[in-house]
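**Q** What follows is a single structure, and I will ask about it in a moment.
The values are calculated or read from the model by the stated rules, or taken from the named source; none is laboratory data. Keep in mind the model is a prediction, meaning the values are calculated, not measured. Methodologically, a virtual Cβ is constructed for each residue, glycine included, from the backbone with ideal geometry; neighbour enumeration extends over all protein chains shown. The protein model used for the area step is the full one, side chains on, heavy atoms only, and it has no ligands, DNA or RNA in it. Shrake-Rupley method; radii C 1.70, N 1.55, O 1.52, S 1.80 Å.
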Amino acid sequence: EDGDIILDFFAGSSSTAHGLLKHNNEVNKDCNFILVQLPEPCVVESEAYKAGYKTIADISKERIRRVIKKIEAEQTEERKKKSEQIDFGDKDVKNLDLGFKSFKLSPSNFKIWRSSEINEENLMQQLDAFTNPVREGSEKDNMLYELMLKAGYLLTDKVEKIENLYSIKNGELLIAIESINQATVDKMITLRPKKVISLDILFKDNDQLKTNTVLQMKD
């Protein structure tokens, strides 16, 4: 029905989008779609690659654009016929939503340790870079929700700010990404969470607090 959303997590060449856009045009409906496709490389010897499509996602997006262009041309022709008073039956040419936006997943907010790229020459440089694991330009909210997902929680789970802590799902999980001191640790313990996640950089120059926090959490 109008307003329904079709979700396809394995879009391939976007046959789902093609079919839905065609269906919308034929029955005058306005359904939407969300398609997901990883940028899997096309085979170098393939005709698609030779035509300039480096990934399956590139093919997928181009197919949607072409289908939209074709439908827009058909609608223009139908409106032209109607304006010339050609009997069009009971069908009215509906202004379908033919907008299409392409998004890429954001990279992680945290630096990724790539052991295969480490050697004797760059080891110290890599260790220094990971003193702070947060990727430059990362925003607090983005880090919070990424850590929630990695801990197995949902984006729809309740999030509350308690002083300098984030409480997830009524205190099941606590996340510290702003600051930590002894008062913060004491607050964590009184809330009795199942799990606590904090950025290691928050304990910078305070190994004693870090060690005591681990021992208190074990108790």
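**Q** Hey, does region 25-34 have a residue that's open to solvent by less than 80 Å² (accessible area, probe 1.4 Å), farther than 18 Å from Ile68 by Cβ and outside any helix (DSSP H, G or I)?
**A** The answer is no, given that none of the residues of region 25-34 is open to solvent by less than 80 Å² (accessible area, probe 1.4 Å), farther than 18 Å from Ile68 by Cβ and outside any helix (DSSP H, G or I).
**Q** Any idea how many residues of region 51-84 are in contact with a Phe, Trp or Tyr (Cβ under 8 Å, 6 or more places away or on another chain), modelled with pLDDT under 85 and open to solvent by less than 80 Å² (accessible area, probe 1.4 Å)?
**A** Residues flagged as in contact with a Phe, Trp or Tyr (Cβ under 8 Å, 6 or more places away or on another chain), modelled with pLDDT under 85 and open to solvent by less than 80 Å² (accessible area, probe 1.4 Å) within region 51-84 amount to 1.
**Q** I've got another one for you. Working only within region 166-208, note down all residues that are among the aliphatic types (A, V, I, L, M), under 22 Å from Phe110 (Cβ atoms) and surrounded by 16 or more Cβ atoms within 10 Å (Cβ to Cβ).
**A** Within region 166-208, Ile168, Leu173, Leu174, Ile175, Ala176, Ile177, Ile180, Met188, Val196, Ile197, Leu199, Leu202 qualify.
**Q** Same structure again: Just the residues that are modelled with pLDDT under 90 and among the aliphatic types (A, V, I, L, M), please, taken from region 1-47.
**A** Val27, Leu38
**Q** Taking the conditions exactly as written (within 21 Å of Lys104 (Cα to Cα) and either open to solvent by 70 Å² or more (accessible area, probe 1.4 Å) or assigned to a helix (DSSP H, G or I) (or both)), does Ala11 satisfy them or not?
**A** Spelling it out, it is not the case that Ala11 is within 21 Å of Lys104 (Cα to Cα) and either open to solvent by 70 Å² or more (accessible area, probe 1.4 Å) or assigned to a helix (DSSP H, G or I) (or both).
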